[in-house]
Amino acid sequence: MTVAARVGGLAVSPIRRMAVGAREGTVSLALGEPGWPMPAPARRSLEHQGRTGGPLPYGPNSSSPELVAAVAGQHGIPLAPEEVMVTSGSQAALFALFHAHVEAGSAVLVPDPGFVAYRSLAQLCQAHPVGYALGPGGALDVDLVEAALGEALRSGRPVSVVVVNHPANPTGGLADAESLRRLAELCTRHGAVLVSDEVYRDLWVGAGGQPAGLHEVAGLAAGVVLGSVSKAFGAPGLRVGWAVGPAELLAPARVVHNAMTTAPARPSQDAATALLTSAGEVLPAARREVARRWEVLAEVAPELLALADAVAGRPHPGPAAGTGSCSGQQPAAGAGSRSMSRAGFYLWLPLPAGIDPAGTTAFALRVRDESLVTTVPGVAFGPRGAGFLRVSLGGPVEELVEGLLRLAPWWEG
Ligand SMILES: Cc1ncc(COP(=O)(O)O)c(C=O)c1O
């Protein structure tokens, strides 16, 4: 048996790997998914479909027109149907876009630290993932992207795709409107396809409002924007996502997606349509869930929040209104989110003083095995993630409280 060279260097996601070998009773603060119940419009749609007799056909290859219209309807700029590609999760959109636009041997610019799939997919396309550094707090800094781009060009590699992720996994970093415009110009100048992963963009909390979106600030031609029902719409198990962009960029990617999976599952497409057409209720409810989790953090482990804010250069809202000890399900309001703008549900947490960044994974494993709580070592997201853990606040609140209580003592003293 031979394994294709392009697959040889890949491994199972390091996030999943943290679960392997975990002792019974370990609480997970590792998985990046919502832990609140699937919203009612999706549940009702699936129940309805379960009761309907008759065959269950494939979905239409180019997705149901209702779902395409629903994606277009909440995107923020007017769109034609051919400017929307519905996929089996936004990860399948990434797979299809990369396979359509990344030449073997080219460079793909990815954030470092950044979502793990960007690097793996570049490698699957036999291209070179080139990490670009981020600004304070994980913010997009176009000068740093330009520096990485220059380096790739000097080493003789054309840049095929540039990926930006905002709000970012794992740092929660944002991209301001001016930076997005400058990045779009940079990509146009170099003939690179810009992919703007905005799957967390609806999960903002606090007074700042919704973070900037690429198409709103730079127009449709600026690149491809990714969205998903997996985060703010609370239904990762449906596996429905989408790419929105110029028709000529999406057309070849549709062919790849089609070859890969024919079409997203039909029940999922219908449930996703129900979610998107109920965005007015579903999204504010999701933001309340996320705000509550930041409040829980501020109540249960205020020192961890303060440390993460300090290292990110974020103004910290001051001590929690509560005692700093766990008061269960009724956290004090204000310190975690209301007075601060945050986005997404990740805490990007520096290691305790005195722990060598080179031992980031060893430290995460020690915490897992001695305190029974999993996090993700920052190096899983790229070499610049050394010295950090990603703590997901997205799960069920009771587990979050328990996990934080197990985690916090490592930073004491
Ligand atoms: C930044 C980012 N992009 C894309 C995805 C893929 O999400 P999905 O395929 O569920 O839409 C994830 C999942 O964690 C993510 O964090």
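The values are calculated or read from the model by the stated rules, or taken from the named source; none is laboratory data. Since the model is a prediction, treat every value here as computed from it, not as a measurement. Neighbour counts are summed over all protein chains in view; Cβ atoms, including those assigned to glycine, are modelled from backbone coordinates with ideal geometry. The protein model used for the area step is the full one, side chains on, heavy atoms only, and it has no ligands, DNA or RNA in it. Shrake-Rupley method; radii C 1.70, N 1.55, O 1.52, S 1.80 Å.
Condition first: within 16 Å of the ligand (Cβ to nearest atom), modelled with pLDDT of 95 or more and within 16 Å of the chain's Cα centre (by Cα). Can you find one or more residues in the range 70-79 that meet it?
Checked the range 70-79: no residue is within 16 Å of the ligand (Cβ to nearest atom), modelled with pLDDT of 95 or more and within 16 Å of the chain's Cα centre (by Cα).
Among what's in the range 167-214 and is in a helix (DSSP H, G or I) and charged (D, E, K, R), pick the residue that is farthest from Leu29 (Cα to Cα). Show your work before the answer.
Taking the range 167-214 as the starting set, the residues that turn out to be in a helix (DSSP H, G or I) are 177-190, 214.
Then drop every residue that is not charged (D, E, K, R), which leaves 178, 181-182, 185, 189.
Values: Glu178: 34, Arg181: 35, Arg182: 35, Glu185: 38, Arg189: 41 Å.
Among those residues, the one meeting the criterion is Arg189.
Among the candidates Glu289, Glu303, which residue alone is open to solvent by 20 Å² or more (accessible area, probe 1.4 Å), modelled with pLDDT of 95 or more and under 30 Å from Ser45 (Cβ atoms)? It would help to see each step written out before you state the result.
On the way: Glu303 fails: under 30 Å from Ser45 (Cβ atoms).
Just one listed residue meets the conditions, Glu289.
Could you list, in sequence order, the residues of the range 215-232 that are crowded, with 24+ Cβ neighbours inside 10 Å, part of a loop (DSSP other than H, G, I, E, B) and more than 10 Å from the ligand (Cβ to nearest atom)?
Selection gives Gly223, Ala232.
Please verify whether the range 277-288 includes one or more residues that are within 15 Å of the ligand (Cβ to nearest atom), assigned to a helix (DSSP H, G or I) and within 22 Å of the chain's Cα centre (by Cα).
Yes, the range 277-288 contains a residue that is within 15 Å of the ligand (Cβ to nearest atom), assigned to a helix (DSSP H, G or I) and within 22 Å of the chain's Cα centre (by Cα).
Tell me, please, whether a residue that is charged (D, E, K, R), at pLDDT below 95 and not assigned by TED's automatic domain parsing to the domain that holds Val116 can be found in the range 340-348.
Checking the range 340-348: at least one residue is charged (D, E, K, R), at pLDDT below 95 and not assigned by TED's automatic domain parsing to the domain that holds Val116.
I'd like to check something: does the range 141-159 contain any residue that is out of contact with any Ser or Thr (no Cβ under 6 Å at 6 or more places or on another chain), within 16 Å of the ligand (Cβ to nearest atom) and open to solvent by 10 Å² or more (accessible area, probe 1.4 Å)?
Scanning the range 141-159 turns up no residue that is out of contact with any Ser or Thr (no Cβ under 6 Å at 6 or more places or on another chain), within 16 Å of the ligand (Cβ to nearest atom) and open to solvent by 10 Å² or more (accessible area, probe 1.4 Å).
For the range 193-204, how many residues are open to solvent by 10 Å² or more (accessible area, probe 1.4 Å) and either without any contact (Cβ under 8 Å) to a residue 60 or more places away in the chain or not aromatic (Phe, Trp, Tyr) (or both)?
Looking only at that region, the number is 5.
Run down Ala104, Ala117, Ala148 and say which single residue is in contact (Cβ under 8 Å) with a residue 12 or more places away in the chain, more than 22 Å from Val3 (Cα to Cα) and assigned by TED's automatic domain parsing to the domain that holds Leu226. Walk me through how you get there before you give the answer.
Numbers: Ala104 fails: more than 22 Å from Val3 (Cα to Cα); Ala117 fails: more than 22 Å from Val3 (Cα to Cα).
Every option except Ala148 fails the conditions.
Using the structure shown, decide if Ala40 is aliphatic (A, V, I, L, M) and at pLDDT 95 or above.
yes
Quickly run through the range 161-189 and pick out the residues that are among the hydroxyl-bearing types (Ser, Thr, Tyr) and surrounded by 23 or more Cβ atoms within 10 Å (Cβ to Cβ).
Hit for the range 161-189 is Thr171, nothing else.
Identify, please: which residue in the range 20-35 is surrounded by 11 or more Cβ atoms within 10 Å (Cβ to Cβ), away from the ligand (no atom under 16 Å from the Cβ) and modelled with pLDDT of 95 or more and is, among those, farthest from Ser230 (Cα to Cα)?
Checked the range 20-35; the qualifying residue farthest from Ser230 (Cα to Cα) is Thr26.
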